[in-house]
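Undergrad: I'd like to ask you about the structure that follows.
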Amino acid sequence: MPRAKSTAAKNTAKLSLYIPPSKGGAEVLAKLRKLAQAKDRSVNYLVVEAILQYLKREEKKAG
């Protein structure tokens, strides 16, 4: 019998990210992992923060 999802899992938006080799691919991920470890955060946290900052900046430009 499948386990019921938690409330947090039900309310979580998901995104799969592909970084093409031309943009640094594996190297970018390695840098993110290193930074995440140094900051005691997850790679997911860093990526979400970057996305939110980008959206805020672009929304101000479009304003």
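Bear in mind that the values in this text are calculations on the coordinates, not laboratory data. The structure presented is a predicted model; accordingly, all values stated were derived computationally and were not measured. Note that we place each Cβ from the backbone using ideal geometry, even for glycine, and neighbour counts take in every protein chain shown.
Undergrad: Yes or no: Arg41 in contact with a helix residue (DSSP H, G or I) (Cβ under 9 Å, 6 or more places away or on another chain) and outside any helix (DSSP H, G or I)?
TA: Answer is yes for this residue.
Undergrad: Being under 15 Å from the mean Cα position of the chain (by Cα), in a loop (DSSP other than H, G, I, E, B) and charged (D, E, K, R): is that true of Lys5 here? Walk me through it before giving the result.
TA: Details: under 15 Å from the mean Cα position of the chain (by Cα): no; in a loop (DSSP other than H, G, I, E, B): yes; charged (D, E, K, R): yes.
No: the conditions fail for Lys5.
Undergrad: Determine, yes or no, whether Glu49 is exposed (fewer than 10 other Cβ atoms within 10 Å of the Cβ), assigned to a helix (DSSP H, G or I) and not hydrophobic (A, V, I, L, M, F, W, C). Full working, then the answer.
TA: Values: exposed (fewer than 10 other Cβ atoms within 10 Å of the Cβ): no; assigned to a helix (DSSP H, G or I): yes; not hydrophobic (A, V, I, L, M, F, W, C): yes.
Answer is no for this residue.
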